[in-house]
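K.L.:
The structure that follows is given in the form of structure tokens.
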Amino acid sequence: MRSGLLTAGTWLVALIASVPLISVLYMLIVQGGGRLSAELFTELPPAGFEMGGGFGNAILGTVVMVAIASAISIPIGILAAAYLSDVDPDSKLAQWTRFLAKVLTGFPSILAGVFVYAVVVLAMGRYSALAGGIALAVLMLPTIILTAEEAMKMVPRKMKDAAIGMGCTRSQVIWQIVLPTGLPGILTGVILAVARVAGESAPLLFTALFSNYWLNSLGEPTASLSILIYNFSSMPFENQIELAWAASLVLVLIVLVFNILSRLIGRPKI
Amino acid sequence: MSSAEISAGASTEAAISRPPGRNERLADRTFSILAHSSALAIVLLVAYILWEIGIQALPAIADNGISFIFGSVWDVQKSTFGILPAIWGTLYSALMALLIGGFFGITVAIFLTQDFLPPRLSMVFRTVIEMLAAIPSVVFGLWGIFVVIPAIRPLANWLHETLGWLPFFGTSLSGPGLLPAALVLAIMVLPTVAAISQDALQLVPFRTKEAAYGMGTTRWEAILKVMLPTAAGGIFSALVLGFGRALGETMALAMLIGNSNQISLSLFAPANTLASLLASSFPEAGAIERQALMYAALVLLAITLAVNMFGTFMLALTTRRISGKS
């Protein structure tokens, strides 16, 4: 009797837990789906009283800043992971790096913005796509390091030993054995990290700021989808709120596609 | 075959196995140094973050001292800065979120690991929960404004009218407030707690469970008296890390909590958190206020670092103990 109640309660809780996702997706499709059109991707954000418009510059800005973040964090992250898994896994430095990377995964994203503001924006004297990209890189790094280390550790010891037995140097073992074999796992981590930062807004608030115009150079304020949603969500104009929903739909689609992609690549092959 | 030939042609079949040449050793050195410095970069990055935010906050620390933390007025005109309301709101909203999200997260973890569903369905449901973690914070904020607030407003105002003498229901919900913020925060904490708790439950050796069943326990006796206590350390770490996540969450809160600098027990009153104070004030702040905000960032950094370090450390400790490695 008591057991039956508990089981029923557990089912109920599990069902309630899936309501938010369904509700969010439903709202995105209903509210944002109606606005989907080509002009969303080619036009600039409208002012309050204007009709129509789009967020082409915000999509471009998000893509550019995520690309900058990837260019910085992927090489450093994979090299650091190689250090953790194969170069010197038990050293003091490795233990500290691993611990701090784990701590950094829980690092509030807004503090990445504060940090980059102090280091980059104050130095350059203005908000820029570059600063936004660097802030995102800070958030990508720990995810890439930890997942890449896991992937590299999964490569069987025997394969590495065989390569060393054939006269490979350690770096050759990593380049020619560990990286190719661990690639699916590493890619999973990289794609997950990209998906995560593509939706980030807090670190961009005062590094990239926002812009109503197309991106001209990496050294000026830059629009992003997430900041557009934030700005427009508090507007009194129906048109802008509709655009916020449409932008959310596009953003969530991008993030979900990346997530599914990482699952397909990372699925264990037997 | 001469040794010159061997070292020249790495791809010739005769040279499959041979000692590394000089260039290869040089490449190896270079690679080692690069890998070494990349690992070191993470340590330096964390140190640099602490240092830089600390330096930027220094003038404000000198000006305001400890009264910054215990003061409750944020007045730019008078240069008086106090973050007690923000600290209060941060802790209050994170605790509420943890209470709700933690309960749901742990229950979902039990649901997914203790054979409630056939493996295939369990995979589907796990994906649903993981997708929840993928939704950007700002989208949750938008959803909260247009779905959560209108949905809970009638109930909130009914509670205020009937049970208004309780401090928790002391005000009516006019729009943004602590409860909608905490509810959305709970949804964002749920996947974190569920994922780490699942790992903890799966770490319990199969034999332990078998032994419980062998002694004639029912499924729920096994779960409540054997599985949960054995995984308690891991689940506790899941809650700590979920709490850390809730403390630093920014956008959804900045959009839903109302950004009002007051200390109230009421669930329906607007409040503020450290992260949303930063998000809403930083972009337009002047030099003096910016220093004060850096001080607030330092406080947030200290709190989240402490909570996350504690959680990570606990998790490592209990994982090691349960999996039997000393």
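K.L.:
Starting from residues that are facing another protein chain (nearest Cβ under 10 Å) and among the hydroxyl-bearing types (Ser, Thr, Tyr), keep the ones in the range B:113-152 and report whichever is most open to solvent (accessible area, probe 1.4 Å).
P.N.:
Here the answer is B:THR127.
K.L.:
Mind checking whether some residue in the range B:118-128 is assigned by TED's automatic domain parsing to the domain that holds B:ASN261, farther than 30 Å from B:ASN64 by Cβ and not in a helix (DSSP H, G or I)? Give the steps one after another, and end with the answer.
P.N.:
Let us first name the residues in the range B:118-128 that are assigned by TED's automatic domain parsing to the domain that holds B:ASN261, namely B:118-128.
Those left that are additionally farther than 30 Å from B:ASN64 by Cβ: B:118-128.
Restricting the remaining residues to those that are not in a helix (DSSP H, G or I) gives B:118.
Among the residues of the range B:118-128, at least one is assigned by TED's automatic domain parsing to the domain that holds B:ASN261, farther than 30 Å from B:ASN64 by Cβ and not in a helix (DSSP H, G or I), which makes the answer yes.
K.L.:
Going through the range A:73-91 one residue at a time, which ones are more than 8 Å from every other protein chain (Cβ to nearest Cβ), in a helix (DSSP H, G or I) and modelled with pLDDT under 95?
P.N.:
A:SER85, A:ASP86
K.L.:
Looking at B:THR162 and the list (1) touching a helix residue (DSSP H, G or I) at 6+ places or on another chain (Cβ under 9 Å); (2) more than 24 Å from B:ARG245 (Cβ to Cβ); (3) surrounded by 15 or more Cβ atoms within 10 Å (Cβ to Cβ), which single condition is not satisfied?
P.N.:
(3)
K.L.:
How many residues does the range A:21-62 contain that are outside any loop (DSSP other than H, G, I, E, B) and open to solvent by less than 20 Å² (accessible area, probe 1.4 Å)?
P.N.:
Narrowing the range A:21-62 to residues outside any loop (DSSP other than H, G, I, E, B): A:21-33, A:38-42, A:56-62.
Next, only the ones that are open to solvent by less than 20 Å² (accessible area, probe 1.4 Å) stay: A:21, A:24, A:28, A:32, A:40, A:56-58, A:61-62.
Number satisfying all stated conditions: 10.
K.L.:
Sticking with this one: Within the range A:114-215, which helices (runs of 4 or more DSSP H) (wholly inside it) include 1 or more residues that are surrounded by 19 or more Cβ atoms within 10 Å (Cβ to Cβ), of a type in the set (Lys, Arg) and within 13 Å of another protein chain (Cβ to nearest Cβ)? Don't jump to the end; show me each part of the working.
P.N.:
Numbers: elements: A:129-153, A:157-165, A:170-173, A:179-198.
It comes to A:170-173, A:179-198.
K.L.:
Quick check on A:LEU218: is it away from chain B (no Cβ under 12 Å) and either more than 21 Å from the chain's Cα centre (by Cα) or not in a helix (DSSP H, G or I) (or both)? Even if it seems obvious, please write down each step before you answer.
P.N.:
Numbers: away from chain B (no Cβ under 12 Å): yes; either more than 21 Å from the chain's Cα centre (by Cα) or not in a helix (DSSP H, G or I) (or both): yes.
For A:LEU218, the condition - away from chain B (no Cβ under 12 Å) and either more than 21 Å from the chain's Cα centre (by Cα) or not in a helix (DSSP H, G or I) (or both) - is met.
K.L.:
Let me ask another. Taking B:GLY105, is it more than 7 Å from chain A (Cβ to nearest Cβ), buried (at least 17 other Cβ atoms within 10 Å of the Cβ) and in contact (Cβ under 8 Å) with a residue 40 or more places away in the chain? So that I can check it myself, show each step before the final result.
P.N.:
Working: more than 7 Å from chain A (Cβ to nearest Cβ): yes; buried (at least 17 other Cβ atoms within 10 Å of the Cβ): yes; in contact (Cβ under 8 Å) with a residue 40 or more places away in the chain: yes.
The answer is yes for B:GLY105.
K.L.:
Scan the range B:198-210 and give yes if some residue there is of a type in the set (Ser, Thr, Tyr), part of a helix (DSSP H, G or I) and either in contact (Cβ under 8 Å) with a residue 60 or more places away in the chain or within 12 Å of chain A (Cβ to nearest Cβ) (or both), otherwise no.
P.N.:
Taking the range B:198-210 as the starting set, the residues that turn out to be of a type in the set (Ser, Thr, Tyr) are B:208.
Then keep just the ones that are part of a helix (DSSP H, G or I); that gives B:208.
After this cut, where a residue has to be either in contact (Cβ under 8 Å) with a residue 60 or more places away in the chain or within 12 Å of chain A (Cβ to nearest Cβ) (or both) as well, the list is none.
The answer is no, given that none of the residues of the range B:198-210 is of a type in the set (Ser, Thr, Tyr), part of a helix (DSSP H, G or I) and either in contact (Cβ under 8 Å) with a residue 60 or more places away in the chain or within 12 Å of chain A (Cβ to nearest Cβ) (or both).
K.L.:
Shifting gears a bit: Do we find a residue being surrounded by fewer than 24 Cβ atoms within 10 Å (Cβ to Cβ), part of a helix (DSSP H, G or I) and within 14 Å of chain A (Cβ to nearest Cβ) anywhere in the range B:165-175?
P.N.:
In the first step, residues of the range B:165-175 are kept if they are surrounded by fewer than 24 Cβ atoms within 10 Å (Cβ to Cβ); the result is B:165-172, B:174-175.
The next check asks that each one be part of a helix (DSSP H, G or I); those that pass are B:167-169.
Subsequent filtering for residues that are within 14 Å of chain A (Cβ to nearest Cβ) retains none.
Taking every residue of the range B:165-175 in turn, none turns out to be surrounded by fewer than 24 Cβ atoms within 10 Å (Cβ to Cβ), part of a helix (DSSP H, G or I) and within 14 Å of chain A (Cβ to nearest Cβ).
K.L.:
Within the range A:228-242, track down each residue that is of a type in the set (A, V, I, L, M, F, W, C), farther than 18 Å from A:TYR213 by Cβ and touching a residue at least 60 places away in the same chain (Cβ under 8 Å).
P.N.:
Filtering the range A:228-242 for residues of a type in the set (A, V, I, L, M, F, W, C) gives A:228-229, A:232, A:235, A:237, A:241.
Next, only the ones that are farther than 18 Å from A:TYR213 by Cβ stay: A:229, A:235, A:237, A:241.
Passing the criteria: A:MET235, A:PHE237.
K.L.:
Do any residues in the range B:219-231 that are acidic (Asp, Glu) have Cβ atoms under 9 Å from those of residues that are open to solvent by 40 Å² or more (accessible area, probe 1.4 Å), where the two are at least six apart or on different chains, and which pairs are they?
P.N.:
What qualifies is B:GLU221/A:SER3.
The values are calculated or read from the model by the stated rules, or taken from the named source; none is laboratory data. From a predicted model like this one, the values you see are computed outputs, not experimental measurements. Every residue, glycine among them, receives a Cβ derived from its backbone with ideal geometry; neighbour counts consider all protein chains shown. Only protein heavy atoms, including side chains, enter the accessible area calculation; ligands, DNA and RNA are left aside. Shrake-Rupley method; radii C 1.70, N 1.55, O 1.52, S 1.80 Å.
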